[in-house]
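Student: Below is one structure. I have some questions about it.
Coordinate-derived values only; no laboratory data. In this text, all values refer to a predicted model and were calculated from it rather than measured experimentally. FYI the Cβ positions are ideal-geometry reconstructions off the backbone, even for glycines, and counts take in every protein chain you see.
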Amino acid sequence: MARIKELYTKLPKSKFDLFSYEIDWESLFDQDVISRICKPWIGKKIKELMGVEEPTMINMVVKLLLQKCTQDTLLKKISSILDDASEEFIEKLWKLIVFEDIKIKDGIYSLN
């Protein structure tokens, strides 16, 4: 647990650094991070923001991530749906993705 906290300190502090972080998409795909970790998180956040489960929205975001989209592309796709919450949603999602990437690079977990 202490190691996870230590890795958390490696997260980029500024929004610019977060969004310019070089994500190793292939490692994320190899570890099935998008389906195992991001999809449930996306579902939970969208339900919090919209008040209902929205499978179409969840699947759209997951599909875009599987296409290695940028945060700008994602923002354009969801801003009309999530309105003012869009930027915060994207920033938190990107933190999750970057954190999982850092964990993979540090050898924290492997798919068992």
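Student: In the Gaussian network model of the chain, springs joining C-alpha atoms below 10 Å, which of K44, K13, K77 carries the largest mean-square fluctuation?
Tutor: K13
Student: Moving to a separate point now. Where nothing but the Cβ of Lys and Arg (+1) and of Asp and Glu (-1) is charged, how large is the charge dipole of the range 23-103 around its Cα centre, in debye to the nearest 20?
Tutor: Here the range 23-103 has a charge dipole of around 180 debye.
Student: In addition: What's the center-to-center distance, using Cα atoms, between the range 89-104 and the range 21-67 in Å?
Tutor: Their Cα centres are 11 Å away from one another.
Student: With 10 angstrom as the radius, rank Y21, Y8 by how many other C-beta atoms surround their C-beta, starting from the fewest.
Tutor: Y8, Y21
Student: Size of the range 23-103 along its principal axes in angstrom, Cα-based, largest extent first?
Tutor: For the range 23-103, the Cα extents along the three principal axes come out at 32, 22, 18 Å.
Student: On the Cα set of the range 1-59, report Rg and Dmax in Å, please.
Tutor: Rg, Dmax (Cα atoms, Å): 14.3, 37.
Student: Taking the number of other C-beta atoms within 10 Å as the exposure measure, put M60, M50 in order starting with the fewest.
Tutor: Starting with the residue having the fewest Cβ neighbours, the order is M50, M60.
Student: Sort out the exposed loop GluC sites (Glu not before Pro) in the chain (DSSP loop, at most 14 other Cβ within 10 Å) and tell me the longest stretch that has none.
Tutor: 54-112
Student: Once both labels are modelled 7 Å past Cα along the beta-carbon direction, what's the V62-K92 spacing in nm?
Tutor: 1.9
Student: Could you point to the residue in N59, I81, L49 farthest towards the positive end of the range 23-103's charge dipole, with +1 and -1 charges on the Cβ of Lys/Arg and Asp/Glu respectively?
Tutor: Farthest along the dipole direction, towards plus: N59.
Student: Of S79, S14, S35, which has the largest mean-square fluctuation in a 10 Å C-alpha GNM of the chain?
Tutor: Residue with maximal mean-square fluctuation among S79, S14, S35: S14.
Student: Then there is this: Once every DSSP H run of n ≥ 4 in the chain is given -39500 (n - 2.57) and the sum is divided by its residues, what mean residue ellipticity at 222 nm do you get, rounded to the nearest 500 deg cm²/dmol?
Tutor: Taking each H run of at least 4 residues, the total per residue is -20000 deg cm²/dmol.
Student: Which helices, taking whole DSSP H runs in the chain, have alpha carbons extending 27 angstrom or more along the helix axis plus mean Kyte-Doolittle at least -1.0?
Tutor: 86-105
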